[in-house]
Amino acid sequence: MEKKSAKIIIALVCILVLVVVAVALAGNDASEEVTYRETAVEYGELVVGVTESGSVDIGTVDQVFELDMSALQRAETTGSSGSRTTGGSGGTAVSAAGSTVDNSGFGVGMSGGMSGTMSGGMIGSGITGSTGSSTGSSGGIDMFSQIFNMAGGGSSASTDTIGNLTVSEVCVSVGQQVQEGDVLFLLNEETVTELKEELESNVDKAKADLEAVYADQEMSKLTAQYTYDSSVAYGEYADTEYNNTIKSLQDAVTEKEEALAEAKELLAGYQAQLTQAQADYAAAAQVLKNCTWSVDNTDKWDDTWGYVSGYQLMISARNSVDTLEQKVEQLERNVEQAQQNVDTCTTSLSQAKRSLESGKLNAQQTLELRQLAYDTAQETYDIAQAYLEDTAASQEEVYAEAQEKWDEFSSHIDGNAVRAKYNGVITSVNLEVGDSIGTNDTLVTLYDTDSVEMTITVDEDDMTDVAVGTEAKISLTAYPDTIFRASVSEISDASTDSGGNVTYEVTVILSGDVSGLFQGMTGDVTLITRRTEDVLYVSNRAIIREGTDSYVKIKDASGNIVKQKVTTGFSDGENAEIIEGLSEGDVVLIESKVNKS
């Protein structure tokens, strides 16, 4: 009975607990409300990377007055100031630039028997040998220097002082937003007018000088013609010079060959005599040895006659050995001397052959140069003409430069105004009314929208896939719905903090429209280490995961909320790739619960 009562009590307690739990759950359900927010399926890219916070740093740019005031000073050439006289033989010819040419140098240097040989180099060609001069003993055809004299010539420069440009009005102030073409300063009209008139005058003067150079060309052409005629006359002697040089070198080789043959013959004779003498000496030495043995083994008391006769033979043999030894030594010296003579003759012959070969090359080169001067006299004349044309072209450049300076002036100064070259906010104005403007003077300083950067600190472990050029995306606090693009422009050296952590300072430079950014704006920089492009994606908050399956909630045609199964892929942490189950533009629901209390 007692056991049954205990079971009843336990059952009642359990029922009471269930009631309490049910009431509690009912109370919670009553205090929360489920709401839904719509979001659309989008098409684009998803990226992941290293994200750190940083602030915007906008660089500045200086607008500099780049008009080279010193370059506007006019350099006046004296090319047209030379006299225009032509020189006959032994006279002088005046080049277009006013320099004189000594015509006594024209013609062929013939006295001294063609003194411009191999040792003298190429007579009058301007190309010399190792010891030669550029002219023959009586002068030569220095045609190349004549050409350069015709086309060159000195010049002197005179400058016309140009007055300073002064500011009459400052049209901008610090903090002002300016656009390219806005007026920054107005200049004093008198100084601007003075400079304009000077530049226009320079154009006129350069044009007049150019016309004078054209006139001088006609005189210089006569000098070029004279050089042409001289080159043709000089080329007739090239073959004779070449043949004489080769013959002289070949004769030297033949002489050395004969001397070597004689030396070898003498050496062979001495060697034969030495061989015979050495054989005789060996035989005599054997006889002496035998005689000496006989004397040593004969008792002079028992066989006195035999001893005496043997002793006499031994003395005779020793004399023969001594004589032959001296002969061998003398012949060895003769052979050595003869060998040295052969070696000397061999060396001399080798030197003569090398001289012949190098002489052939030099003589051939000289011959070709002389023939070239002869055969290409017309071409040389044409070169001279080309140099004359270059002279005219140089003066044409002077004229073009004067015109260019006028155009450059006009590009820097519009009327009497200096205008902005950049868009931006002015941070400093560096000129006041009355100031003079000089070359490379800084006019104003503006924020440079082409140099907007952010620098973040990145741990060593996160630097694996980061390098200069790595792309980045930026989300600024001031523009939460806008993603800015950037790329890594600089990575600092590693540094270690007090905790031993190795970090790097990574700087990115922003691209695209950054006109709305200001110094110091904060935000997150994500260095992109992985990305997928051209995919469908939706917010991760819309994904419902049940085991291995994923779902989203959508509204059906009747407006009822239903679950739609989807297949997901890559995720950047905020959004998930939709591989299957949705299309671009589909609306899905993000579920959230709101506490009523």
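The values are calculated or read from the model by the stated rules, or taken from the named source; none is laboratory data. A quick note: this is a predicted structure, and the numbers were derived from the prediction, not measured. We place every Cβ from the backbone using ideal geometry, glycine too, and count neighbours over all the protein chains shown.
Details
- Scanning region 339-378 for residues that are of a type in the set (D, E, K, R) and over 30 Å from GLN271 (Cβ atoms) yields GLU357, LYS360, GLU368, ARG370, ASP375.
- Residues in region 187-202 that are surrounded by fewer than 19 Cβ atoms within 10 Å (Cβ to Cβ) and not hydroxyl-bearing (Ser, Thr, Tyr): GLU189, GLU190, GLU194, LYS196, GLU197, GLU200.
- Some residue of region 308-315 being in a helix (DSSP H, G or I) and farther than 30 Å from CYS291 by Cα: no
- Strands (runs of 3 or more DSSP E) completely within region 403-502 that count 3 or more residues being exposed (fewer than 14 other Cβ atoms within 10 Å of the Cβ) and in the same structural domain as VAL48 (by TED's automatic domain parsing): 479-491
Let's see how each residue does on (1) charged (D, E, K, R); (2) in contact (Cβ under 8 Å) with a residue 60 or more places away in the chain; (3) touching a Leu at 6+ places or on another chain (Cβ under 8 Å):
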{"position": "SER410", "(1), (2), (3)": "no, no, no"}
{"position": "ILE413", "(1), (2), (3)": "no, yes, yes"}
{"position": "TYR422", "(1), (2), (3)": "no, yes, yes"}
{"position": "ASN430", "(1), (2), (3)": "no, no, yes"}
{"position": "ASP441", "(1), (2), (3)": "yes, yes, yes"}
{"position": "VAL444", "(1), (2), (3)": "no, yes, yes"}
{"position": "MET454", "(1), (2), (3)": "no, yes, yes"}
{"position": "ALA472", "(1), (2), (3)": "no, yes, yes"}
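- Residues within region 293-328 that are β-branched (Val, Ile, Thr), in contact (Cβ under 8 Å) with a residue 24 or more places away in the chain and over 23 Å from GLN339 (Cα atoms), tallied: 1
For (1) more than 30 Å from GLY581 (Cβ to Cβ); (2) in contact with a strand residue (DSSP E or B) (Cβ under 6 Å, 6 or more places away or on another chain); (3) at pLDDT 95 or above, each residue gets a yes or a no:
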{"site": "GLY499", "(1), (2), (3)": "yes, no, no"}
{"site": "THR507", "(1), (2), (3)": "yes, yes, yes"}
{"site": "ASP513", "(1), (2), (3)": "yes, no, no"}
{"site": "THR522", "(1), (2), (3)": "yes, yes, yes"}
{"site": "ARG531", "(1), (2), (3)": "no, yes, no"}
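- When ASP481, ASP465, ASP450, ASP493 are screened for being free of Cβ contacts under 8 Å to residues at least 12 places away in the same chain and within 31 Å of the chain's Cα centre (by Cα), only ASP493 passes.
- Test: residue in region 366-380 that is modelled with pLDDT under 90, in a loop (DSSP other than H, G, I, E, B) and either more than 30 Å from SER220 (Cβ to Cβ) or in contact with a Pro (Cβ under 7 Å, 6 or more places away or on another chain) (or both): no
- Here GLU218 does not fit the description of being assigned by TED's automatic domain parsing to the domain that holds ALA363 and over 20 Å from ASN362 (Cβ atoms).
- When we screen THR275, THR254, THR223 for residues that are touching a strand residue (DSSP E or B) at 6+ places or on another chain (Cβ under 9 Å), part of a helix (DSSP H, G or I) and either crowded, with 19+ Cβ neighbours inside 10 Å or modelled with pLDDT of 85 or more (or both), the only hit is THR223.
- Region 559-590: number of residues that are part of a loop (DSSP other than H, G, I, E, B) and either modelled with pLDDT of 90 or more or within 15 Å of ARG541 (Cβ to Cβ) (or both): 10
- Taking the criterion of being surrounded by fewer than 17 Cβ atoms within 10 Å (Cβ to Cβ), without any contact (Cβ under 8 Å) to a residue 40 or more places away in the chain and either closer than 20 Å to VAL48 by Cα or within 55 Å of the chain's Cα centre (by Cα) (or both), the only residue of region 530-566 that qualifies is ASN540.
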